[in-house]
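Report on the structure given below.
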Amino acid sequence: MNYNIETLNENNIEEYVRTNAFAWKETYKGIVNDEFLDLINTEEEIQKSVEKQKAQLQNKTKKRFLLKVNNKPVGNLSIGTSVDENFPNIGEIKAIYLLEKVKHQGYGKI
């Protein structure tokens, strides 16, 4: 497997956002309204999300990563501090998405 995991930065934010939007469309097809899934994949919504992600880059309680296979973005991961006040020093996975074409290939294994 020729893969790389990149920390989200100014240079890969758009790839992260596009991968996330497309993964949502694949993952939630038939579960979430198609009109919503189509909306989040429009150029206007992609650019809004890019700007939102840029504004959050300095957030120290959340980290985001982009998975690339053969230098193409195929997944993302978001982790952060727990929202449960009983566990202030524990982290949690906020979101993890893979495009269908790379699922079941071992990218989630240690």
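Brief remarks on what is shown
- Criterion (open to solvent by 60 Å² or more (accessible area, probe 1.4 Å), within 23 Å of N4 (Cα to Cα) and not in a strand (DSSP E or B)) met by exactly one of F22, F36, F87: F22
- Taking first residues from the range 13-29 that are free of Cβ contacts under 8 Å to residues at least 24 places away in the same chain and of a type in the set (K, R) and partners that are open to solvent by less than 70 Å² (accessible area, probe 1.4 Å) and not in a helix (DSSP H, G or I), the Cβ contacts under 6 Å between residues at least 6 apart in sequence or on separate chains come to K25/N41.
- Test result for I31, touching a Lys or Arg at 6+ places or on another chain (Cβ under 8 Å) and either open to solvent by 60 Å² or more (accessible area, probe 1.4 Å) or on the phi < 0 side of the Ramachandran plot (or both): no
- Test for L57: is it modelled with pLDDT under 95, under 14 Å from the mean Cα position of the chain (by Cα) and either among the hydrophobic types (A, V, I, L, M, F, W, C) or closer than 30 Å to F87 by Cα (or both): yes
- Once the range 12-35 is narrowed to residues that are polar (S, T, N, Q) and more than 15 Å from A95 (Cα to Cα), the residue that is nearest to the chain's Cα centre (by Cα) is N12.
- Filtered residue count, the range 90-110, keeping only those that are surrounded by fewer than 11 Cβ atoms within 10 Å (Cβ to Cβ) and farther than 20 Å from A21 by Cβ: 5
- Identity of the residue in the range 6-18, touching a Lys or Arg at 6+ places or on another chain (Cβ under 9 Å) and either part of a helix (DSSP H, G or I) or among the small types (G, A, S) (or both), that ends up farthest from A55 (Cα to Cα): E15
- Residues (over 25 Å from N71 (Cα atoms) and either of a type outside the set (S, T, Y) or in contact with a strand residue (DSSP E or B) (Cβ under 7 Å, 6 or more places away or on another chain) (or both)) located in the range 12-43: K29, G30, I31, V32, N33, D34, E35, F36, L37, D38, L39
The values are calculated or read from the model by the stated rules, or taken from the named source; none is laboratory data. Keep in mind the model is a prediction, meaning the values are calculated, not measured. Cβ coordinates were reconstructed from backbone atoms using ideal geometry, including for glycine residues, and neighbour counts include every protein chain displayed. Ligands, DNA and RNA are stripped out before the accessible areas are found, and what is left, the full protein with its side chains, is counted by its heavy atoms. Shrake-Rupley method; radii C 1.70, N 1.55, O 1.52, S 1.80 Å.
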